[in-house]
Every structure is written in structure tokens, then in C-alpha cells.
Amino acid sequence: MKETPEQSELGKKAEYDPHYNPGKLFPIPRKVKRDEIGVPDKLPFFGFDLWNHYEVSWLNENGKPIVALAEIQYGCDTPYIIESKSMKLYFNSFNNTKFNNEESVKEIIKKDLEKNVGGLVSVNIFPLNTLNENKLYPNFEGECLDNLDIECSSYEVQPTFLKTENELVEEILFSNLLKSNCLVTNQPDWGSLQISYKGNKIDREGLLRYIVSFRNHNEFHEQCIERIFIDIMTHCKPDELTVYGRYTRRGGLDINPYRSTKKVSNMLNRRLCRQ
């Protein structure tokens, strides 16, 4: 096992690895710090380390993204901990990797973490479309697109996916599958997207493919939301349109751009479950 931070990517520019790479995990021995503190080898306490990870995603066999939350727990008696940046880099390596099912992802995470911490690890995976809203903050209001069984193969923005049907509607749709990359650092940005509109009905499968096509796109949060607004207005020509993005935190901050054809004077800041 790697023993010192100098052998890791800590404090250095880290390349974003889009495919599964357990080598990103960096274990640090507990004993060094415990010796400094004065904790004896026979621990005078019991306990555990609990992690909540809000940026978990992989591709199913059709290439469609799955977005989830993860809960990770291991006992304080494990000889190693995982450095937090390396945990993030490890989970990022799942983003463009295909897995058969949720259980396969859970088993791989459990195996990799147990190897690195040197003890038993409990892993729970919660896909966003299965969350118990009584336990966590709810999703956006509206109809979720994420259960559509579509095949995805394009991960650069494709506005030509946007099409309409000859039926007038007024509806609210949302998706948790929005992902793009920071324009400066190329690190992943994760968001949930709500689209409220009035006009010809937007083809749902095409809209979801369009949202997924941002997956490898480099742009700031605000720019992505404005691009989505303009693309829908151009290709679908709704009479009214609101595009609202709520992104997950980075460095403790989340960004939530709102663009609409209608003026809004006051709006509740409702944090979503993944935030």
C-alpha cells in the first residue's frame, strides 16, 4: 500500500480519469497520527467513519447514465483511512464505465474500499429515482424523465435531439442526469434540471438524450443553463419556457441558475436531495 502523501495526487493537478480505476484510492495509516495523539494500540473507544457521497454515476449496458448517492461506513478499528480527494477521484473513474447493474457497482466499491482500509466496509447505493422522499429532500416538482429506457451514445451537445409533437401542452419535466465539465479545470459538474414550458409537446426521449449529451461538455453552470434555454427556444419554439438548474456542491458551494420567459419576483430556495 502507498504510505505517504508524497506518493499520491494530493496537492497536485490531478487528471480526470473517466474509466474505472481503483488505483486512484489513497490509503493513509491511522497509527501515525494516533501515536502522535497518544492513542494506545488497544483502542480505548469504539466507532466508525461514515461518508455520504453526492456525486456517484456510471453507465448502464445501453450507455445511459445512472445517478446515485452513496453511503459508506467502516469501523474505527481499520488500520487505514481513505484520503478524501482520492475518494473523489476514484468515484469519478466510474462516470464513463459500463456496469451490469447497481449491485455490481456496490460490490466493486465494497471490495476496493475493504482492500484499502484493511477491514469490513458497508456500502449503500441510492439511485435518485428510488429515493425515499420522507428520508431525504425531494426531487424537483414535475415528471421525471430518467426512467425512460433509452440508448445513449452521444456525450457532446446535440441540440438536434430536440423535437416536438403536434400537441399543445403545459407541463413541467425534470432530470437528474445533467453532467458537464468545468471550463477551467475540466472537473465534472453535476446538476438536476427542471424544464417548465407551454407550447407544442417536446419529445421526451429526445429531450433526455439532449440532456445526457452534455456529459463531456466543457462550460460553466450558468452558460450550460443558458445554452439549454436557447436550444429549446430555437428547436421547440415554446410560448413560455423556464429552465432551472440546481447543481451539487463544489468546495461547499452550489450554483443554481434560473432562466425564464416570465419575470419572477420572489422564489423559495428549495435544496434538492442531492445537494
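The values are calculated or read from the model by the stated rules, or taken from the named source; none is laboratory data. Since the model is a prediction, treat every value here as computed from it, not as a measurement. Backbone-built Cβ (ideal geometry, glycine too); neighbour counts: all protein chains shown. Protein only, heavy atoms only, side chains kept; ligands, DNA and RNA dropped before computing areas. Shrake-Rupley method; radii C 1.70, N 1.55, O 1.52, S 1.80 Å.
Taking segment 82-117 on its own, how many of its residues are open to solvent by less than 50 Å² (accessible area, probe 1.4 Å) and outside any strand (DSSP E or B)? Steps first, answer last, please.
Filtering segment 82-117 for residues open to solvent by less than 50 Å² (accessible area, probe 1.4 Å) gives 82-83, 86-87, 89-97, 99, 104-105, 108-109, 112-114, 116-117.
Imposing the further condition that a residue be outside any strand (DSSP E or B) reduces the set to 83, 86-87, 89-97, 99, 104-105, 108-109, 112-114, 116-117.
Number of matching residues: 22.
Please go through segment 245-273 and pick out each residue that is part of a strand (DSSP E or B) and open to solvent by less than 20 Å² (accessible area, probe 1.4 Å).
Of everything in segment 245-273, those that are part of a strand (DSSP E or B) and open to solvent by less than 20 Å² (accessible area, probe 1.4 Å) turn out to be G245, R246, Y247.
Is it fair to say S57 is of a type in the set (S, T, Y), assigned to a strand (DSSP E or B) and more than 26 Å from T242 (Cβ to Cβ)?
no
Could you grab me the full set of residues in segment 213-241 that are within 19 Å of D146 (Cα to Cα) and open to solvent by 10 Å² or more (accessible area, probe 1.4 Å)?
N216
Of all residues in segment 136-182, which are farther than 14 Å from L208 by Cβ and in contact with a Leu (Cβ under 9 Å, 6 or more places away or on another chain)?
If the condition is that a residue be farther than 14 Å from L208 by Cβ and in contact with a Leu (Cβ under 9 Å, 6 or more places away or on another chain), then L136, Y137, P138, N139, F140 are the ones that fit.
Scan (1) open to solvent by 70 Å² or more (accessible area, probe 1.4 Å); (2) outside any helix (DSSP H, G or I); (3) among the β-branched types (V, I, T) for the single condition V32 breaks and write down its number.
Single failed check for V32: (2).
Taking I195, is it outside any loop (DSSP other than H, G, I, E, B) and surrounded by 22 or more Cβ atoms within 10 Å (Cβ to Cβ)?
When the stated conditions are applied, I195 passes them.
Report every pair of residues separated by at least 6 positions or lying on different chains whose Cβ atoms are under 7 Å apart, first residue within segment 56-70 and hydrophobic (A, V, I, L, M, F, W, C), second open to solvent by 10 Å² or more (accessible area, probe 1.4 Å) and not in a strand (DSSP E or B).
W58/T97; W58/F99; L59/N96; L59/T97; I66/N60
Within the bounds of segment 201-212, is there any residue that is of a type outside the set (F, W, Y), open to solvent by 10 Å² or more (accessible area, probe 1.4 Å), modelled with pLDDT of 95 or more and more than 25 Å from W58 (Cβ to Cβ)?
Yes; the residues of segment 201-212 include at least one that is of a type outside the set (F, W, Y), open to solvent by 10 Å² or more (accessible area, probe 1.4 Å), modelled with pLDDT of 95 or more and more than 25 Å from W58 (Cβ to Cβ).
Residues that are of a type in the set (S, T, N, Q) and touching a Lys or Arg at 6+ places or on another chain (Cβ under 6 Å): does segment 251-266 have at least one?
yes
So, in segment 44-66, how many residues would count as being open to solvent by less than 60 Å² (accessible area, probe 1.4 Å), more than 10 Å from the chain's Cα centre (by Cα) and among the polar types (S, T, N, Q)?
Qualifying residue count, segment 44-66: 1.
So C144 fits all but one of (1) modelled with pLDDT of 95 or more; (2) of a type outside the set (K, R); (3) closer than 30 Å to Y74 by Cβ; (4) surrounded by fewer than 21 Cβ atoms within 10 Å (Cβ to Cβ); what number is the exception?
In the conditions (1) modelled with pLDDT of 95 or more; (2) of a type outside the set (K, R); (3) closer than 30 Å to Y74 by Cβ; (4) surrounded by fewer than 21 Cβ atoms within 10 Å (Cβ to Cβ), C144 misses (3) alone.
Mind listing whichever residues of segment 157-183 are of a type in the set (D, E, K, R) and either closer than 23 Å to L128 by Cα or at pLDDT below 95 (or both)?
Within segment 157-183, E171, K179 meet the criteria.
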